[in-house]
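Visitor: Let me begin by handing over the structure; questions about it come next.
The values are calculated or read from the model by the stated rules, or taken from the named source; none is laboratory data. This is a predicted model, so every value here is computed, not measured. Here Cβ is always computed from backbone atoms with ideal geometry, including for glycine, and neighbour counts include all displayed protein chains.
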Amino acid sequence: MVAAALLAVPFVLGALAAPAPVDAEVAFTFQDPEILESSGLVIGERFAVTVNDSGDEARIFTVDLADGETVGVTRWQGEARDVEALAPAGANEVWVGDIGDNLEARSSIRVTRVPFGAGERTVAGESYELTFPGGARDAEALLTQPDTGQLFVVSKHVLGGTIYAAPRRLDPTKPNRLRAVAEAPGLVTDAAFYPDGRHAVLRNYGQGVLFAVDADGWRELGTFPLPPQQQGEGIAVGPDRRIYLSSEGAESEVLRVDLPAELAAQVSSGAPVEFTTDRDAETGTDKRDVLAEYDPPLWPWALGGGFALVALVVLIRSLRPR
């Protein structure tokens, strides 16, 4: 009971401080009974792509935006341990993020490039292993910078996570080490870049966070409340630059929202960023290495571990015979 109360504090305070949710409309409803826990979402011109949360087989669903019907299923070879996210991977392909690790016990996580589209198919899948600096992390958010194709992973923690950058060129023969680049809000369940490549949006169960992203790092621009969902797990930015939100649950609705006006104005007025420039003209340093200088604080993990220890003690005491 004590542990539950402690863990509830951030949510209670957030609910009290948050303004009313943004207006939402139903973009479509998943019609496929096999889509039970939409945990990742990618939105294209004609199709949406989603994947079930951990526990499902290694497959993704291609869904018609017009009516929510599944028009294709792609399976890939290999084990799906804890799939939590999707991210665009180019024309008619997505990255599947097998990145979940609730117990923070995995030595590495994995991303796989998988094609999507109409019809059923089984593919080998182009897989890459990723490792976190400093040990295992739980993560549910994967996003792709559209200009460079660089992948980013966001760890999930009650008191705040970390945004990590993957190497621009992934090596299929060995683990690819992630680099911490910025702080993230607590309990992030998904994230997506805008088509401009200069802005990204992260979500948790009740809030969205907009970031400006350039070669020097990530800068938070503001937060906005999300509409209520059963368990909001997915977020995507469509070609129309609107935000799409998916949730766990059978026949769940995918909602479509716009940024609040003050944040939308910042997105529309942003200056271009040259992600292709590797070296600073004055110092000669590699701009990609500047992102590696962020050192994530240890206190959220220590405090979170304390909460977990309290919860474990309470659970053991509750199970003792009386």
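Visitor: Determine if the range 157-170 includes at least one residue that is within 14 Å of the chain's Cα centre (by Cα), under 20 Å from I43 (Cα atoms), touching a residue at least 24 places away in the same chain (Cβ under 8 Å) and buried (at least 23 other Cβ atoms within 10 Å of the Cβ).
Guide: No: zero hits.
Visitor: With the requirement that a residue be surrounded by fewer than 24 Cβ atoms within 10 Å (Cβ to Cβ) and in contact with a Phe, Trp or Tyr (Cβ under 8 Å, 6 or more places away or on another chain), what does the range 25-51 give you?
Guide: Of everything in the range 25-51, those that are surrounded by fewer than 24 Cβ atoms within 10 Å (Cβ to Cβ) and in contact with a Phe, Trp or Tyr (Cβ under 8 Å, 6 or more places away or on another chain) turn out to be A27, D32, E34, I35, F47.
Visitor: Out of all the residues in the range 4-16, is one or more touching a helix residue (DSSP H, G or I) at 6+ places or on another chain (Cβ under 9 Å), modelled with pLDDT under 95 and loosely packed, with under 13 Cβ neighbours inside 10 Å? Explain how you work it out, then say what you get.
Guide: To start, the set of residues in the range 4-16 that are touching a helix residue (DSSP H, G or I) at 6+ places or on another chain (Cβ under 9 Å) comprises 4, 6-7.
Applying the additional criterion that residues be modelled with pLDDT under 95 yields 4, 6-7.
Narrowing further to those that are loosely packed, with under 13 Cβ neighbours inside 10 Å: 4.
Yes, the range 4-16 contains a residue that is touching a helix residue (DSSP H, G or I) at 6+ places or on another chain (Cβ under 9 Å), modelled with pLDDT under 95 and loosely packed, with under 13 Cβ neighbours inside 10 Å.
Visitor: Does A118 qualify as being surrounded by 16 or more Cβ atoms within 10 Å (Cβ to Cβ) and either in contact with a strand residue (DSSP E or B) (Cβ under 8 Å, 6 or more places away or on another chain) or within 25 Å of S38 (Cβ to Cβ) (or both)? Steps first, answer last, please.
Guide: Working: surrounded by 16 or more Cβ atoms within 10 Å (Cβ to Cβ): no; either in contact with a strand residue (DSSP E or B) (Cβ under 8 Å, 6 or more places away or on another chain) or within 25 Å of S38 (Cβ to Cβ) (or both): yes.
No; evaluated as a whole, the condition is false for this residue.
Visitor: Spot the failing condition for G72; the list is (1) crowded, with 21+ Cβ neighbours inside 10 Å; (2) without any contact (Cβ under 8 Å) to a residue 60 or more places away in the chain, and only one is missed.
Guide: Of (1) crowded, with 21+ Cβ neighbours inside 10 Å; (2) without any contact (Cβ under 8 Å) to a residue 60 or more places away in the chain, only one is false for G72: (1).
Visitor: Looking at this structure, is F132 farther than 22 Å from R75 by Cβ and either in contact with a strand residue (DSSP E or B) (Cβ under 9 Å, 6 or more places away or on another chain) or in contact (Cβ under 8 Å) with a residue 60 or more places away in the chain (or both)?
Guide: Details: farther than 22 Å from R75 by Cβ: yes; either in contact with a strand residue (DSSP E or B) (Cβ under 9 Å, 6 or more places away or on another chain) or in contact (Cβ under 8 Å) with a residue 60 or more places away in the chain (or both): yes.
Yes; evaluated as a whole, the condition is true for this residue.
Visitor: Looking at the range 133-141, is at least one residue under 21 Å from R256 (Cα atoms) and touching a Gly at 6+ places or on another chain (Cβ under 9 Å)? Talk me through it step by step, then tell me what you get.
Guide: Looking only at the range 133-141, we keep the residues that are under 21 Å from R256 (Cα atoms), and these are 140-141.
Okay, now just the ones that are also touching a Gly at 6+ places or on another chain (Cβ under 9 Å), so 140-141.
Scanning the range 133-141, I find at least one residue that is under 21 Å from R256 (Cα atoms) and touching a Gly at 6+ places or on another chain (Cβ under 9 Å), so the answer is yes.
Visitor: For the range 24-135, which strands (runs of 3 or more DSSP E) that fit wholly inside it have 1 or more residues that are among the charged types (D, E, K, R)? Lay out the reasoning, then the answer.
Guide: Working: elements: 24-29, 38-43, 47-52, 59-64, 70-76, 85-88, 93-98, 109-115, 119-123, 126-131.
Where strands (runs of 3 or more DSSP E) fall fully within the range 24-135 and carry at least 1 residues being among the charged types (D, E, K, R), they are 24-29, 59-64, 70-76, 93-98, 109-115, 119-123, 126-131.
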